[in-house]
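What follows draws every value from the coordinates through simple rules; no lab data is involved. Predicted model, so just to flag it, every value in this text is computed and none were measured. Note that each Cβ is placed from the backbone with ideal geometry, even for glycine, and that neighbours are counted across all protein chains shown.
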Amino acid sequence: MTASIWRNLNSFYNLIGSKCRCSELHFPEAHVCRKCGSTALTEHEFSGKGKIVTYTIIRQQYNDETESEKLMIGNPYIIAIVQLEEGPMITAQISDANPEEVTMGAAVTSVFRKISQDGEDGVIKYGYKFILA
Amino acid sequence: MTRVAIIGAGMTAFGQLWEKGLIDLAVEANNKALEDAGIGRKQIQALYCGNMSSGMFTKQEHVSSLIAGASGLSPIPSTRIEAACASGSAAIREGFLAIKSGLYDSVMVVGAEKMTDVSSTASTRILSAASSQEFEASIGATFPGLYALLARLHMHRFGTTEEQLAGVAVKNHMNALNNPYAHLRKKISVEDVLRSQKIADPIKLLDCAPVSDGAATVILASEKTAKSLTDTPVWIEASAQASDTISLHDRDDLTSLNASAVASREALRQARLENQDIDCLELHDCFTIAEILAIEDLGFVGKGKGGKFVEDGQTEIGGKIPVNPSGGLKAKGHPIGASGVAQAVESFWQLRGEAANNTNPARIMTHNVGGSGATAVVHIFGR
């Protein structure tokens with residue numbers, strides 16, 4: 001688990017994606033530009049500002065008792081697709097809000113939070129969540 | 001190039017089948033199909049197995065050869081095809097291509113999944129492996145959650161209602177009442193759906209296909225072999241497959257599954273047909289919103305008009321285009337790898353007049369989606 005978190009630290013910690021020479025932006029980092037097919041991509045850090053395109057409230061139990069890696073969440077929790085102000089969309093939890101406060105099109109901003117923990121003494125994965133702006 | 005026919009079909013009942021393992025299910029379906037086709041085991045030249053996740057559901061990989069051996073088919077080549085929930089149709093497509101190429105005259109395609117040996121929480125997590133582990137599942141997006149994101153946007157943009165979504169479930173449960181193979185043979189009302197447990201708003205328990213065990217098998221043959229064995233072959237008139245980004249958030253349009261639209265257009269082109277030439281649909285209704293998206297994406301109703309189309313009864317048996325007369329994934333059941341093959345089995349029975357709810361079609365389109373639309377497979381079958 002550790003290496004798979006470490007590989008994506010850029011994306012999870014700093015909202016870093018890719019910018020193509022054709023100016024198309026991607027999140028997370030892309031290998032090939034979806035627009036022009038170029039592999040000439042450079043790092044691009046997103047502002048973390050965006051708006052909710054669509055959302056849902058997850059009410060199922062997510063973690064099985066047999067799993068060591070558990071999401072650091074309450075139940076229910078909110079999952080949204082957020083469109084970043086620069087264009088790309090991102091799937092993320094909406095934190096610090098009651099479900100009834102969330103609306104389509106609401107402005108949100110990214111925050112740095114605990115995402116999951118691999119066992120009681122295990123590695124904690126940090127990353128982006130969003131809060132209502 | 002030869003035409004390709006289905007010459008025999010068989011399936012297990014779908015449901016929570018505690019007494020049967022993956023191999024029991026696959027062999028049962030295979031034996032029924034062999035008997036139905038009147039073909040000997042020695043004439044089967046290759047086996048294609050649709051299965052999504054035997055490793056995570058039962059800790060058994062390499063099920064292709066395991067099924068071949070248990071079915072008395074070794075030493076023929078046997079290959080497992082995985083494309084999430086579209087594994088079954090993708091396996092049919094591989095069998096179709098193998099016969100089309102001229103390499104084989106008769107092959108078997110089986111789809112099978114054993115899902116109920118794990119808890120419902122575990123099966124939710126296993127199914128989430130069909131989405132992006134890194135950027136969807138790992139942050140808490142479940143599969144019903146992903147379809148809920150699509151549903152809410154469709155409702156927001158087009159005015160689709162929760163009652164219209166519920167109407168899909170009510171209709172498919174009604175169709176499954178007559179189907180002896182169906183998992184959920186129980187009549188439900190719109191109110192039942194609306195009052196059922198919330199899973200991922202606006203998706204409720206009765207908007208979801210069940211977690212099922214089951215297997216389905218078809219035997220495919222070249223035109224020459226088919227005509228030597230049966231007077232009533234069912235022809236595969238088109239086989240099309242398309243892909244899309246695995247994550248919803250990487251797509252341009254979240255009110256449509258583009259892979260479905262691309263595969264449908266390609267299938268109609270191959271068969272030289274128009275939408276109006278299709279008499280019946282067996283399509284991928286893993287959630288009720290998926291059926292509404294599908295009738296739009298496949299071109300049977302305009303964008304955003306699917307909810308009203310369902311509400312007006314146009315997808316019922318006797319409507320403009322009957323959709324899922326078998327009960328669909330929603331009520332017939334959804335043993336992941338088996339579902340696509342079961343759609344072909346239903347089509348075979350419909351076209352031979354042997355289906356539980358006979359709609360007497362001349363042509364059927366099937367539509368099988370992997371994940372949240374990263375794979376779509378469309379077939380057209382005809383008499």
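One table, with the values for the structure above:
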read-out	value
Shielding of B:190-199 by partner chains, average beta-carbon count, 10 Å	1
Approximate spin-label separation residue A:109-residue A:61, in nm, with each point projected 7 Å along Cα-to-Cβ	3.8 nm
5 angstrom amide H check on residue A:108, placed H, neighbours 5+ away	A:50, A:51, A:52, A:133
Neighbour-count ranking [beta-carbon atoms within 10 angstrom, fewest first] of A:34, B:80	A:34, B:80
Residue mean of other protein chain beta carbons inside 10 Å, A:76-85	4
The stretch A:2-132, relative contact order in percent, only Cα pairs under 8 angstrom and at least six apart counted	23 percent
Ranked A:96, A:121, B:24, criterion: other C-beta atoms within 10 Å, fewest first	A:121, A:96, B:24
Rg/Rh (Cα only; Kirkwood hydrodynamic radius) as it applies to the protein assembly as shown	0.98
In Hz, Karplus ³J(HN,Hα) per residue of the stretch A:82-94 (6.51, -1.76, 1.60; θ = phi - 60°; x = Gly, Pro)	10, 8, 5, 4, 7, x, x, 10, 8, 9, 7, 7, 9
Shape call, the stretch A:2-132: gyration tensor on alpha carbons, a/c limit 1.5	oblate
Between the stretch B:292-365 and the stretch B:1-67, the alpha-carbon center distance in angstrom	23 Å
Distance from the stretch B:270-290 to the stretch A:62-132 (C-alpha centre basis), Å	36 Å
Calculated [θ] (222 nm, deg cm²/dmol) that DSSP helices of n ≥ 4 give over chain B, each run adding -39,500 (n - 2.57)	-11500 deg cm²/dmol
Over 32 Å between alpha carbons, listed pairs A:19/A:114; B:227/B:303; A:51/B:305	B:227/B:303
Cross-link pairs beyond the 32 Å C-alpha cut-off, checked among B:308/B:332; A:35/B:204; A:129/B:59; B:59/B:187	A:35/B:204; A:129/B:59; B:59/B:187
Estimated inter-spin distance, residue A:133 and residue A:98, nm [label 7 Å along Cα→Cβ]	2.4 nm
Mean separation of Cα contacts under 8 Å, 6 or more apart, over the residue count of chain B: relative contact order %	26 percent
Nearest-0.05 FRET efficiency for residue B:101 and residue B:42, computed from C-beta distance (R0 25 Å)	0.70
Rounded, prolate or oblate (a/c below 1.5 giving rounded, otherwise prolate when a/b exceeds b/c) for the stretch B:278-341 by Cα gyration tensor	prolate
Summed side-chain charge close to residue B:102 - residues other than residue B:102 whose Cβ falls under 13 Å, Lys, Arg +1, Asp, Glu -1	+1
Built amide H within the under 5 Å cut-off of residue B:371, gap 5+	B:85, B:86
Percent of Cα-Cα distances greater than 25 Å, calculated over chain B	49 percent
Cα-projected label distance for residue A:68 with residue B:198, points at 7 Å along beta-carbon direction, nm	3.5 nm
Burial ordering of B:375, B:230, fewest other beta-carbon atoms within 10 Å first	B:230, B:375
Computed [θ] at 222 nm, helices only, for chain A once each DSSP H run of length n ≥ 4 contributes -39500 (n - 2.57)	-2000 deg cm²/dmol
The stretch B:94-147 - percent relative contact order, Cα under 8 Å, separation 6 or more	21 percent
Residue A:40/residue B:383 FRET efficiency (R0 41 Å; Cβ-Cβ; nearest 0.05)	0.15
The stretch A:2-132, dipole about Cα centre (Lys/Arg Cβ +1, Asp/Glu Cβ -1), debye to the nearest 20	540 debye
For residues of B:121-128, the mean tally of beta carbons on other chains within 10 Å	3
